[in-house]
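Have a look at the structure below, then the notes.
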């Protein structure tokens, strides 16, 4: 179903991106919405590890069990971050096609699957129920304009968070270099390979933003 809403109802894309960036800086609100990215990262992680019945807390991006080799540990976490960038591209593609409702259905579907197999803590369940309910409201009441704005804002938030995650990973690596006792994304591999992979991750997330702006948003 394509809503075929007139473009006059939308704001320029940079307004959504700026709003997503502002939301990413607001305490508590930032935590609530950033769980969308954490959910995507964790779903990819448990799928790649074959952990169909693994527990997912959603407090933060979890470390793998120590039984995984360092290289495997790093690749799986890297795949999780890469998945966020690919999700941003896919979501903006749907935005460009005005398939706003598909974005909502995708999020609700992923949340539902995660609740069924992986989310076991009270906070994670409360977030999943509340967030999926908020997403379902404009569909239930057929409020197409609100559905459109929410969908574009979600796509923007995923993109902004994927870039910010790349920056955060690089900062974690620099902090670990000063204090080896700290843990983080690349904590289990040596500092030089970690720095290289961190730069690759940051460059990849920034390029994702560039790709979306050049090839998708510019055609919107």
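What follows draws every value from the coordinates through simple rules; no lab data is involved. Everything quoted here is computed from the prediction, not taken from an experiment. Cβ coordinates were reconstructed from backbone atoms using ideal geometry, including for glycine residues, and neighbour counts include every protein chain displayed.
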> If R0 is 22 Å, what FRET efficiency do you get for residue 93 and residue 24 from their C-beta distance, rounded to 0.05?
Replying inline: 0.50
> Gain in length, residue 15 to residue 146, computed as 0.36 nm per residue apart minus the alpha-carbon separation, to one decimal in nm?
Replying inline: 45.6 nm
> When you take every Cα atom in the stretch 10-164, what is the radius of gyration, and what is Dmax, the widest Cα pair distance, in Å?
Replying inline: 15.6, 49
